[in-house]
1. Select from segment 131-150 the residues that are farther than 11 Å from Ala112 by Cα and among the aromatic types (Phe, Trp, Tyr) and list them in ascending order.
2. Restrict the check to segment 9-25 and report whether at least one residue is modelled with pLDDT of 90 or more, in a strand (DSSP E or B) and among the charged types (D, E, K, R).
3. Which one is modelled with the lowest pLDDT among residues in segment 83-121 that are out of contact with any helix residue (DSSP H, G or I) (no Cβ under 7 Å at 6 or more places or on another chain) and of a type in the set (Asp, Glu)?
4. Give me the pairs, please: first residue somewhere in segment 100-114 and in the same structural domain as Gln145 (by TED's automatic domain parsing), second residue anywhere and in a strand (DSSP E or B) and exposed (fewer than 15 other Cβ atoms within 10 Å of the Cβ), beta-carbon distance under 6 Å, and either six or more positions apart or on two chains.
5. State all residues of segment 69-106 that are over 13 Å from the mean Cα position of the chain (by Cα) and farther than 18 Å from Val123 by Cβ; if no residue qualifies, say none.
6. Before we move on, is Asp199 surrounded by fewer than 10 Cβ atoms within 10 Å (Cβ to Cβ) and either modelled with pLDDT under 75 or in a helix (DSSP H, G or I) (or both)?
7. Every residue in segment 26-48 that is modelled with pLDDT of 70 or more, in a helix (DSSP H, G or I) and under 14 Å from Ile87 (Cβ atoms), please.
8. Does segment 49-91 hold any residues that are in contact (Cβ under 8 Å) with a residue 40 or more places away in the chain, crowded, with 17+ Cβ neighbours inside 10 Å and outside any strand (DSSP E or B), and which are they?
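The values are calculated or read from the model by the stated rules, or taken from the named source; none is laboratory data. Given the structure is predicted, the values throughout are model-derived calculations rather than measurements. Positions of Cβ are backbone-derived with ideal geometry, glycine not excepted, and every protein chain shown enters the neighbour counts.
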Amino acid sequence: MKKKKKTIRELFHKDRPRPKWTPFQDITAQLSSPMARQLGIDAKAALLASTGNLDSQVFRNSRYQVIRTPYTLDDGEIAYNLSIKSIDNDAIHDWRDFQRIKNELCGKECEAVELYPAESRLVDTSNQYYLFAMPEGFKFPFGFQARMIIENPKIAGAKQRPFEPDNRPTDISTINEEVDKRELLKAQQKLLEGKSNADRMADQ
């Protein structure tokens, strides 16, 4: 019998189940930082040293600890830098979790990016990840322009994991018959049309 290939999560976490997602709690006032203990300073001083911003806040739930640091844009709007690490400091980079973090700490209609920088300004010091979140209402001139979610694609080469029950979208489409495939093609055409419109706006 052919041995099933393990996923990245199984390789790193073996049989450990993921904890159920819990709401984020602001723990800024109860900080306990290993870095602060090592340097002999209080945790808030360590937070200031790492972010350079007195208004930074630290949030924690069952899976992640996030430092949310605000900064002011040229037009006066507030954007956020989200510094994300897993509770056990493992190298976990789960796109759905990061989308949920962005939604809960910055807003569902906020758009954020993860930057893969030039090597000349690369920062890679720990299992920590960063999202740069713009104010709600701002839309980047790239990316898909329409929403489409599929949970069980029956298309060659496509694979999708199920959603967690407490975070399952209500507008999931299931592509499993020829009629559904035609609907998928229509949806893809809509996405492409939206992208073309965005490209034209960016050129103006």
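1. Within segment 131-150, Phe142, Phe144 qualify.
2. no
3. Asp88
4. From residues that are in the same structural domain as Gln145 (by TED's automatic domain parsing), there are no pairs.
5. Result: Pro70, Thr72, Leu73, Asp74, Asp75, Gly76, Glu77, Ile78, Ala79, Ile87, Asp88, Asp90.
6. In short, no.
7. Correct list: empty.
8. Those that are in contact (Cβ under 8 Å) with a residue 40 or more places away in the chain, crowded, with 17+ Cβ neighbours inside 10 Å and outside any strand (DSSP E or B): Asn61, Arg63.
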